[in-house]
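First the structure, in the form of structure tokens, and then the observations on it.
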Amino acid sequence: MTRPYLLAATDREPRSRFYDVIVIGSGIGGLTAAVGAARQWKVALITKSVLRDTTTFLAQGGIAAALGEQDSPQLHFDDTIRAGAGLCNEEAVEILVNEGPARVRELMEICPKFDRAGGDLVLASEGAHSVPRVAHAGGDSTGSEVASALTRAMQSGSRVQVLENEFVVDLLTSGGRCVGAVSLDPGSGAFTLNYATATVLATGGCGQVYSLTTNPTVATGDGVAMAYRAGATIGDMEFVQFHPTGLYSDESPIFLITEALRGEGAYLLNHAGERFMVGIDPQAELGPRDVVVKEMVRQMRESGQEFLFLDATHLDCGMLQERFPNVYHNLKEKGYDLCRDRIPVAPVCHYMIGGVVTDIWGRSTLPGLYASGEVASTGVHGANRLASNSLLEGLVFSDRIVRHLDSYIGQARDEARGGRLELPRGDRTGSPDSLVASTRHSLQKLMSSRVGTVRSEEGLMAALEEIGTMEESLASPGADPEQYELANLLTVASHIVKAALLREESRGSQLREDYPSQDDINWKRHLNFRLREEGGG
Ligand SMILES: Cc1cc2nc3c(=O)[nH]c(=O)nc-3n(C[C@H](O)[C@H](O)[C@H](O)COP(=O)(O)OP(=O)(O)OC[C@H]3O[C@@H](n4cnc5c(N)ncnc54)[C@H](O)[C@@H]3O)c2cc1C
């Protein structure tokens, strides 16, 4: 029996490279892990695009951590648990909020652009935080500032071998362990077996499974799909977070308007010009994301419109320009003046809460495989992520992975090298490019229409059937990133749908119109999936 790989051994004879650690992905999870691991180990960081092409680079609002005088890890814990709608892993949340402040302070030492006033850190308010808690850099350019600082730190040590534009196709397993990953250089068509004692998956989310998403095109759920094929447990896939304020447009990705704008006092208005969140949540526009999205959906249905409005026209224009330069200038380019216009907004796919199930050291259920950042399901977000906790999660858990590597590598090195690797054999000519492109497009439309903010058994069943038909229409992928991505998107989509269908309740980001209530008796639990060994393929 061989496990399923997307790659077939006859595609091209691969070459080999050897490391202690490989890190897959160049966002906050991957960069933090690579910088830390390289202090002691031989490390390669592999990314399928250029280093800065990440979700991390797009992050606007900032990083949540108990750094303010009125704040404490306990308050941050309470807010995270409340937002998570009964499904947070409390041990993981405790680690997040207690280790978070030290990790953010360390980050500030290499990233001088965190915003300060008179020497004091400026902390912003965001949805469902009970105190201002979100540290930001360059106004609303936190992601690019942080990613650039971490990249400089990685490059200045020059101990990490950086491999850009290399597509990781599959994890390599041998003897029940992950022993590295196979990558494709799309330019030359060459495959490489990257052997490593430990592999850190930091491949980000899967927003591209939807047609309307804030996520960049690299967010195709590759990490979840390859971990699943390799036998790791994945979970909480039904919990896809929709952000309340994507700019209403048909662009891809959708431009996000940070929650911090509502933190500064911007309103959400309906088509009658009313602040509809007042009376729905004690924090009105700053309620948890799932609560705001649910009411937005109700308002849009009632008015028959596909969008609502974000209104900052009552706020000081100078403050808006200084505090939100990125949002201000991007909106200006798209024909909106944040100081004068009501901005049309709609909920949009934003964040994958589920993913590769890990313990508090970032270990997946497959020995040798760690996961960090959006690809991981540490349990800190429960059923609904608290705003700005995701950059923090990547920082905190990558640091823990680095600490854990020290004991793991010493003990596992020989075993990881001893195994015999078996790749499946077979011809993989793949499907025509036009079919691959049209199937990706159809899948995204299907997920947005049937598996979006509001779900029902009827829609989910139809979606599952259509995904099955799409899978059947495609040949096994040939050596081409587009084909691999489509296979991964289909794997991820089918697990989102299956989990959403099984969970017969509404909780956090999962809203079922046929099961509108939260059902703690039957559903205060997680839904996990793991592939059983089956015929190669
Ligand atoms: C517009 C926007 C704004 C946001 N704002 C905030 C915010 O203010 N605060 C906050 O906490 N969170 C925010 N988030 C969420 C947060 O940015 C992400 O959850 C986080 O950055 C994910 O980091 P990551 O390291 O897990 O993945 P990413 O940053 O997405 O990096 C993934 C990496 O994996 C690589 N990769 C993927 N597949 C493969 C493959 N097959 N082979 C090789 N490489 C691969 C990619 O190329 C990329 O380098 C925002 C998200 C968006 C979209």
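Considering only residues in region 10-34 that are touching a Leu at 6+ places or on another chain (Cβ under 6 Å) and away from the ligand (no atom under 15 Å from the Cβ), the one that is modelled with the highest pLDDT turns out to be S16.
Of all residues in region 25-34, exactly one satisfies the criterion of being of a type in the set (S, T, Y) and either farther than 20 Å from A376 by Cβ or assigned to a helix (DSSP H, G or I) (or both), namely T32. Within region 335-355, being closer than 30 Å to D222 by Cβ and of a type outside the set (G, A, S) holds for V345, P347, V348, C349, H350, Y351, M352, I353. Every condition in (1) within 7 Å of the ligand (Cβ to nearest atom); (2) closer than 21 Å to A479 by Cβ; (3) surrounded by 24 or more Cβ atoms within 10 Å (Cβ to Cβ); (4) not β-branched (V, I, T) holds for L6 except the one numbered (1). Give region 200-218 a look and list any residue that's under 23 Å from S364 (Cα atoms), more than 9 Å from the ligand (Cβ to nearest atom) and assigned to a loop (DSSP other than H, G, I, E, B), or say none. Hit for region 200-218 is C206, nothing else. Picking from residues in region 140-193 that are among the acidic types (D, E) and surrounded by fewer than 18 Cβ atoms within 10 Å (Cβ to Cβ), the one that is farthest from the ligand (Cβ to nearest atom) is D185.
Going through region 35-52 one residue at a time, which ones are more than 6 Å from the ligand (Cβ to nearest atom) and either of a type in the set (D, E) or part of a strand (DSSP E or B) (or both)? Answer for region 35-52, where residues must be more than 6 Å from the ligand (Cβ to nearest atom) and either of a type in the set (D, E) or part of a strand (DSSP E or B) (or both): V43, A44, L45. The set of residues in region 126-139 that are away from the ligand (no atom under 11 Å from the Cβ) and either within 30 Å of V43 (Cα to Cα) or surrounded by 20 or more Cβ atoms within 10 Å (Cβ to Cβ) (or both) comprises G127, A128, H129, R133, G139.
Please indicate, with yes or no, whether at least one residue in region 263-285 is within 13 Å of the ligand (Cβ to nearest atom), in a helix (DSSP H, G or I), within 24 Å of S506 (Cβ to Cβ) and not assigned by TED's automatic domain parsing to the domain that holds N215. Within region 263-285, not a single residue is within 13 Å of the ligand (Cβ to nearest atom), in a helix (DSSP H, G or I), within 24 Å of S506 (Cβ to Cβ) and not assigned by TED's automatic domain parsing to the domain that holds N215.
Among the residues of region 14-55, those that are touching a Ser or Thr at 6+ places or on another chain (Cβ under 8 Å), crowded, with 24+ Cβ neighbours inside 10 Å and of a type in the set (S, T, Y) comprise S26, T32, T47, T54.
If we keep just the residues of region 256-280 that are among the acidic types (D, E) and within 26 Å of the chain's Cα centre (by Cα), which is farthest from L308 (Cα to Cα)?
So the residue we want is E264.
Taking the conditions (1) under 18 Å from R323 (Cβ atoms); (2) buried (at least 17 other Cβ atoms within 10 Å of the Cβ); (3) more than 24 Å from the chain's Cα centre (by Cα) in turn, L75 satisfies each one other than (1). When region 502-528 is examined, which residues are found to be surrounded by fewer than 20 Cβ atoms within 10 Å (Cβ to Cβ) and part of a helix (DSSP H, G or I)? Result: L502, D520, I521, N522.
For region 273-328, filtered to residues that are under 30 Å from V122 (Cα atoms) and among the polar types (S, T, N, Q), the residue that is surrounded by the most Cβ atoms within 10 Å (Cβ to Cβ) is N326. Screening region 219-255 for residues that are within 15 Å of the chain's Cα centre (by Cα) and part of a strand (DSSP E or B) and picking the one that is farthest from the ligand (Cβ to nearest atom) gives G235. For the criterion of being crowded, with 19+ Cβ neighbours inside 10 Å, modelled with pLDDT of 95 or more and either more than 20 Å from A149 (Cα to Cα) or among the basic types (K, R) (or both), L96 passes. Among the residues making up region 286-318, those that are under 16 Å from D341 (Cα atoms) and in a helix (DSSP H, G or I) are C317, G318. T491 versus (1) in contact (Cβ under 8 Å) with a residue 40 or more places away in the chain; (2) surrounded by fewer than 21 Cβ atoms within 10 Å (Cβ to Cβ); (3) within 21 Å of T233 (Cα to Cα): which is the lone unmet condition? Against the list (1) in contact (Cβ under 8 Å) with a residue 40 or more places away in the chain; (2) surrounded by fewer than 21 Cβ atoms within 10 Å (Cβ to Cβ); (3) within 21 Å of T233 (Cα to Cα), T491 comes up short only on (2).
The values are calculated or read from the model by the stated rules, or taken from the named source; none is laboratory data. Remember, predicted model here, so these are calculated numbers, not experimental data. Reconstructed Cβ throughout: ideal geometry from the backbone, glycine too, with neighbour counts over all protein chains shown.
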